[in-house]
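What follows is a set of notes on a single structure, which appears directly below.
The values are calculated or read from the model by the stated rules, or taken from the named source; none is laboratory data. Values in this document were obtained by computation on a predicted structure and should not be read as measured data. Cβ coordinates were reconstructed from backbone atoms using ideal geometry, including for glycine residues, and neighbour counts include every protein chain displayed.
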Amino acid sequence: MKKPIIGITMGEPAGIGPEIAIKALCDVKIRQICHPFILGDKNTLEDAYRFSQGITNKEKFNVVKYDALEDILFNESYIPVLDFHNVDVSQIQFGKDSEMGGKASGEYIKKSIELALEQKIDAVVTGPISKVSFKMGGWGLKYAGHTEMFADLTNTDKYGMLLAHGNFRVIHATTHIPYKDVPSKITRERILDTLDLAYQSCTMFGIENPKIIVCGLNPHAGESGKIGEEDANIIAPAIDEFRKKGVDVTGPSPADTVWSKVLSGAYDIGVAMYHDQGHIPTKLLGFQYEKDGTYKSILGMNITVGIPIIRVSVDHGVAYGKSGKGIATPSSLIQSIETATQLAQNKYY
């Protein structure tokens, strides 16, 4: 099959984004499945290449800059970079937010969206950004983060955050809002839209006739109104309505039993009502730590569903405590590139 072209945004220069991007593109299996390139700053990436540890074939690669996508030659002996010339390496302080870093990271995202909309690339994989820097650089004054920026610049009204770890998939009815505001956001329309996005999520992965399970908002899914009325009065009727489309939907079910069923494969995706209800089980599966609190590996990814392009992201932040030390693990980014490649193959090839 044709290899998809995958654009990887470098992310925050003072975080681990440049390092994990370099490490991911030094991975032989990534070169075998796709044509990857980095949207970033060549000097920053060269610096990350210098201090990165654990690259077994490090002598094989050079970081090569290009000023236009059309000029990139996908050669397995070097790492291609669409160079924005927008970072002064001498000014980078690892682990520190800055206007320069936030401005630069937003520029990479904007260009990646433009290239995907123009169908010059097949998918975007985003490295981690700092929301503090993002705001300092101006982008965060309009966008809370990646997802909102992708939705706005693709003119998308109905979109969602899909978390995935292997075949474990979670989509959220609400995400970054205070818990006290969640009940008022759980409306019939919101549940129907989220179920539609859950269905879209499964079809993106080539799953026919997906089985969806929906978490209740309250403990024990409300116990028929004894512990809250939202489950019986709002969520259940919306599920019944969506089920009339011929989709296999179960719920609302007690959230403390939903995730083991998704993990077992009994269901293809679970619908969480709020941020932590879906993020905790996903990160429990994907984040592995040593006894001293340092992490061994981080797996999992975040996929924006509903937009007309493919966007996959690592499911972790800038990891300022690890930045500049050469010890960051690229496992989540590698998994994200593999998934973006799979989704592109399903969609375009």
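Brief remarks follow.
- Filter result for G15 (surrounded by 21 or more Cβ atoms within 10 Å (Cβ to Cβ) and either assigned by TED's automatic domain parsing to the domain that holds K103 or not aliphatic (A, V, I, L, M) (or both)): yes
Residues are listed down the side, and each one gets a yes or a no for (1) of a type in the set (A, V, I, L, M, F, W, C); (2) out of contact with any Leu (no Cβ under 9 Å at 6 or more places or on another chain); (3) assigned to a loop (DSSP other than H, G, I, E, B); (4) surrounded by 12 or more Cβ atoms within 10 Å (Cβ to Cβ):
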position	(1), (2), (3), (4)
T56	no, yes, yes, no
F74	yes, yes, yes, yes
V87	yes, yes, yes, yes
D97	no, yes, yes, yes
S112	no, no, no, yes
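- Qualifying residue in segment 126-137 (condition: in contact (Cβ under 8 Å) with a residue 12 or more places away in the chain, in a strand (DSSP E or B), crowded, with 23+ Cβ neighbours inside 10 Å and within 17 Å of the chain's Cα centre (by Cα)): yes
- Check on Q91, surrounded by fewer than 16 Cβ atoms within 10 Å (Cβ to Cβ) and touching a residue at least 60 places away in the same chain (Cβ under 8 Å): no
- With respect to the conditions (1) in a helix (DSSP H, G or I); (2) outside the structural domain of R190 (by TED's automatic domain parsing), I234 lacks only one, and its number is (2).
- Unique match (being at pLDDT below 95 and closer than 18 Å to P281 by Cα) among G222, G166: G166
- Answer residue from segment 303-330, given it is surrounded by 22 or more Cβ atoms within 10 Å (Cβ to Cβ), within 23 Å of C34 (Cα to Cα) and among the polar types (S, T, N, Q) and is nearest to the chain's Cα centre (by Cα) among those: S313
- Candidates are the residues of segment 186-221 that are of a type in the set (G, A, S) and part of a helix (DSSP H, G or I); the one that is nearest to K244 (Cα to Cα) is A198.
- All conditions but one from (1) in a helix (DSSP H, G or I); (2) farther than 22 Å from N218 by Cα; (3) without any contact (Cβ under 8 Å) to a residue 60 or more places away in the chain; (4) not polar (S, T, N, Q) apply to L285; the one that does not is (3).
- Selected residue (only one of S264, S297 is modelled with pLDDT of 95 or more and of a type outside the set (D, E)): S264
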